[in-house]
Amino acid sequence: MVDLEDGAGTPVAPGWLADQLAESVAAHKIPGAAVAVLHGDEIVAASAGVLNKRTGVPTTDDSLFQIGSITKVWTATLIMQLVDEGLVDLDTPIRSYVPEFRVADETASERITVRQLTCHTAGFEGDIFTDTGRDDDAIEKYVATLHDVPQALSPGEHFSYNNAGYVVLGRIVEVLRGKPFGVVLREHLAGPLGLTRLAVNADEAIMHRAAVGHLQLAPDADEEPAPTWSLAPSNAPAGSMLSMSAGDLVRFAQMHMREGVGPDGAQVLSGASVTQMQEEQIPVPRLGLMGDSWGIGWEIFDWDGSTVIGHDGGTLGQSASLRVVPDAGLAVAIVANGGDVLPAFRAVTGRVLDELAGIRLPDLFAPPAAPTAFDAARYAGTYEVQIVSMDVAADGDGKLWVTETPKGILAEAGRRPETYEIVPLEGDTFVTASPRHGIHLAMTFVGSDGSGRARFLHTGRATPRTG
């Protein structure tokens, strides 16, 4: 382990990162985890626990974990390389590059631009996880299945997180490079950055010490290894396949802190594209866990007066978090394979940012001591997309309740309906009265349907009112 120094030049006590990680893994029932901190030109790495509860193989600093949706920053970077080469214009419609792109709304299909996909403002439903096989044409086949996906928002109207949109971006990469997405990622990013602890699919991952995700497969049961290693390969550009060590993840972030320059001095991405990726493209509703705004690929956080960029990821029982402070030359990546990851991630990341950049994490949302009055009629109703229905209703005591009913792939995966109370936090933002998944989750009611009722229920995805 390499000792780091904080901004004042005072060495951090040796071993503190390993101790913090080990404490968090034990406290939050995480099978295994790894962390890497890059500060300047040096990296500290630590690991704890096991990669698979069934085999008991120990986690090491070079173990591979799936990074989930952090892959979207990689996909956005591949798009910006095409911009650098004059092959893509961010404000050109998708059909200029992928003529067969089509969602249910033909007008939107013609208008949606590359930029809108990169910052989640395309407006069509995005949680589409259709499995189109494992062959090199899986992404091409997936894009063809989007023809009946509903348009929830006008293109460019609002932020609404969109996995499917990033698969379309991956298809642009394939079309313009003439190669499968995984091959392009290796040739244009992993190779130039010298990343050797990285796998673009399961066949490559098995050649390394690779983590297996863990899930609670029955109520009140202990977590056990997930029944499959990954989600569908068709969603690879959105985050279903890519795995790597925490160290390689911060090495990728380092390129974004060095104006696109790789470890050998080569320009992997232009400085102008690096800057544009980190600039606000669209504000994000106040949701607590997400950024304050979104750039091209990156979430952007305003924390303690400092700008932090990053992304999180989750797949089948695996989770990852990346936070980068460009002005401090600091990046911290944490990866884990189950358990209650959020408090563990906050404990480790919080200490790193405080010790090395003087940044304190904002507090998580909590219900106010004295909830304010609210107009239940504005919020009550049913909000629905293809994979979930959310019924909001007031009871006789004036309390507001949400009944969340999984549909489609979520129901098939065993997700059960839940009912929970929400209380007003500020304006149209509410939080769950009791913790869910260990925290008080936030949701925001957005807009008006013309009669004063909210048009959308926003949880990161904008879910439209029905009826």
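The values are calculated or read from the model by the stated rules, or taken from the named source; none is laboratory data. Being a predicted model, the structure only gives us computed values, none of them experimental. A quick note on method: Cβ atoms are made from the backbone with ideal geometry, for glycine too, and the neighbour counts reach across all protein chains shown.
Things to note:
- Test: I67 is at pLDDT 95 or above, in the same structural domain as R351 (by TED's automatic domain parsing) and either acidic (D, E) or within 23 Å of P263 (Cα to Cα) (or both): yes
- With respect to the conditions (1) over 24 Å from H437 (Cα atoms); (2) polar (S, T, N, Q); (3) assigned to a strand (DSSP E or B), Q254 lacks only one, and its number is (3).
- Failed item, numbered, when A13 is tested on (1) part of a strand (DSSP E or B); (2) at pLDDT below 95: (1)
- Scanning segment 351-379 for residues that are closer than 30 Å to V149 by Cα and surrounded by 14 or more Cβ atoms within 10 Å (Cβ to Cβ) returns R378, Y379.
- V332 satisfies every condition listed in (1) in contact with a Lys or Arg (Cβ under 6 Å, 6 or more places away or on another chain); (2) at positive phi; (3) not polar (S, T, N, Q) except (2).
- Residue within segment 273-288 that is in contact with a strand residue (DSSP E or B) (Cβ under 6 Å, 6 or more places away or on another chain), assigned to a strand (DSSP E or B) and within 26 Å of A45 (Cα to Cα) present: no
- Verdict on L51 being out of contact with any Pro (no Cβ under 9 Å at 6 or more places or on another chain) and at pLDDT 95 or above: no
- Among the residues of segment 143-173, the one identified as touching a Lys or Arg at 6+ places or on another chain (Cβ under 8 Å), buried (at least 22 other Cβ atoms within 10 Å of the Cβ) and among the aromatic types (F, W, Y) is Y166.
- Residue in segment 77-91 that is hydroxyl-bearing (S, T, Y), outside any helix (DSSP H, G or I) and at negative phi present: no
- In segment 131-148, residue nearest to the chain's Cα centre (by Cα) [restricted to those that are among the hydroxyl-bearing types (S, T, Y) and under 20 Å from V200 (Cβ atoms)]: Y142
- Of all residues assigned to segment 144-160, none qualifies as being under 20 Å from S230 (Cα atoms) and either at pLDDT below 95 or touching an Asp or Glu at 6+ places or on another chain (Cβ under 7 Å) (or both).
- Within segment 161-185, being part of a helix (DSSP H, G or I) and touching a strand residue (DSSP E or B) at 6+ places or on another chain (Cβ under 8 Å) holds for A164, G165.
- Selection within segment 380-406 - under 19 Å from T459 (Cα atoms) and either assigned by TED's automatic domain parsing to the domain that holds T130 or surrounded by fewer than 15 Cβ atoms within 10 Å (Cβ to Cβ) (or both): T403
- Residue list for segment 205-224, restricted to those being within 22 Å of the chain's Cα centre (by Cα) and in contact (Cβ under 8 Å) with a residue 60 or more places away in the chain: A205, A210, A211, V212, G213, H214, L215
- Conditions (1) on the phi > 0 side of the Ramachandran plot; (2) buried (at least 16 other Cβ atoms within 10 Å of the Cβ): number failed by D340: (1)
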